[in-house]
1. Could you list, ordered by first residue, the pairs with Cβ atoms under 7 Å in which the first is in the stretch 228-250 and farther than 16 Å from Gly169 by Cβ and in the same structural domain as Ser217 (by TED's automatic domain parsing) and the second is in a helix (DSSP H, G or I) and among the basic types (Lys, Arg), at least 6 apart or interchain?
2. Note down all Cβ pairs under 6 Å where the first residue falls in the stretch 302-325 and is within 17 Å of Ser135 (Cβ to Cβ), the second is among the β-branched types (Val, Ile, Thr) and at pLDDT 80 or above, and they're at least six residues apart or on different chains.
3. Filtering the stretch 176-200 down to residues that are small (Gly, Ala, Ser) and buried (at least 22 other Cβ atoms within 10 Å of the Cβ), which residue is nearest to Asn256 (Cα to Cα)?
4. Run Glu122 past the list (1) touching a strand residue (DSSP E or B) at 6+ places or on another chain (Cβ under 7 Å); (2) modelled with pLDDT of 95 or more; (3) under 14 Å from Ile50 (Cα atoms) and report the number of the one that doesn't hold.
5. Within the stretch 232-253, track down each residue that is among the hydrophobic types (A, V, I, L, M, F, W, C) and at pLDDT 95 or above.
6. Testing Gly55 on (1) over 22 Å from Thr300 (Cα atoms); (2) modelled with pLDDT under 95; (3) surrounded by fewer than 19 Cβ atoms within 10 Å (Cβ to Cβ), one condition comes back false. Which one is that?
Amino acid sequence: MITRRSLAAFAAGSLVLPASLRAQTAGQPAIAMPAPGERAWAKDVPQIRIGLLGGENEGDRLGRFDGYRKLIEDTFKVPARLFPAADYAGVMQAFSAGQIETSSMGASGYAGTWLDTGGAVEPLVVPLESDGSSSYISVLVTRKDSGITTLDGMKGKSLAWADPNSTSGYLIPRSELRNSGVDINSFFSRTGFAGGHEQGVVAVLQKQYDGCCTWASGIGDESRGFSRGNLQAMVEKGMLNMADLNIIWKSRPIPNGPLVVRSALPAAFKEDFTNFHLALPTSHPKIYADIERGGGKGYTKVTHAMFDPIVTLRREEAAERRRRS
């Protein structure tokens, strides 16, 4: 159980993740891909509208997810449509308006949507990293030629956040930096929102900001951008050479963001959609690697309770903004 004391520990960066979030995949039974065919739930879910978070250019997002969309259509025999949003808030608002059925989200975006909708969304699964864990990290990066190699070196410099609804690009680094004694409002010369993770790194490379916060698995080859995450994806697309960046700060582990659906959807749909994702990595490894920007060891089921600390941090951040205004 997550208590107020463990929540405080999380905010201070010392909370050990719940065992279910750190579980390894060893010994898990194989899940078969749901058999193709019409479903009884289709009368209530005549199409599956899939929200795509911002933070990457739209063409790349649509390209990465097209095979996934087609496989959903072929499996469940209902139309599947992709809805790329300009930013995280676009997906959150689409859930609130009942305009999408599902989206992969960061933990903070999910928590905000859950709060905004009064609990009308729920998580099904989270991705597992290549070591079997279900957590990742936030990193603060600077240009190699800037000479900024430590967090102290960012004093009086400019910092780009990814998005106000990003967990690793805003919520967690703000929380951890504050709890380490950094006054966000005076330490940096200025802060701003880049419009997404990819945009934040580009802004640093183009010297629009001195540093930015983005996400990475935190495992694997750091010189390649780790095993998964925004840095790895940018390296793979030829947009980034890690030799051009310094990683000057890393957060503690953050729960991976969940695949989210509207709570009002039929239970049979949720079961089919959960099993579809649990089977995806072995049944269709390329599609899985495409949508997860690198891949890992598949997915594991989760419940809302796993994100209670993030919900509380969202509430605290909102209260802090009200105090500043």
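1. Val235/Arg224; Met242/Arg224; Ala243/Lys144; Asp244/Lys144; Asn246/Lys144
2. Here the result reads Val302/Val126, each pair linking the stretch 302-325 to a residue that is among the β-branched types (Val, Ile, Thr) and at pLDDT 80 or above.
3. Top of the filtered list is Gly196.
4. So Glu122 meets the others, but not (3).
5. Met234, Val235, Met239, Leu240, Met242, Ala243, Leu245, Ile247, Ile248, Trp249
6. (3)
The values are calculated or read from the model by the stated rules, or taken from the named source; none is laboratory data. The structure displayed is predicted, hence computed values, not measured ones. Methodologically, a virtual Cβ is constructed for each residue, glycine included, from the backbone with ideal geometry; neighbour enumeration extends over all protein chains shown.
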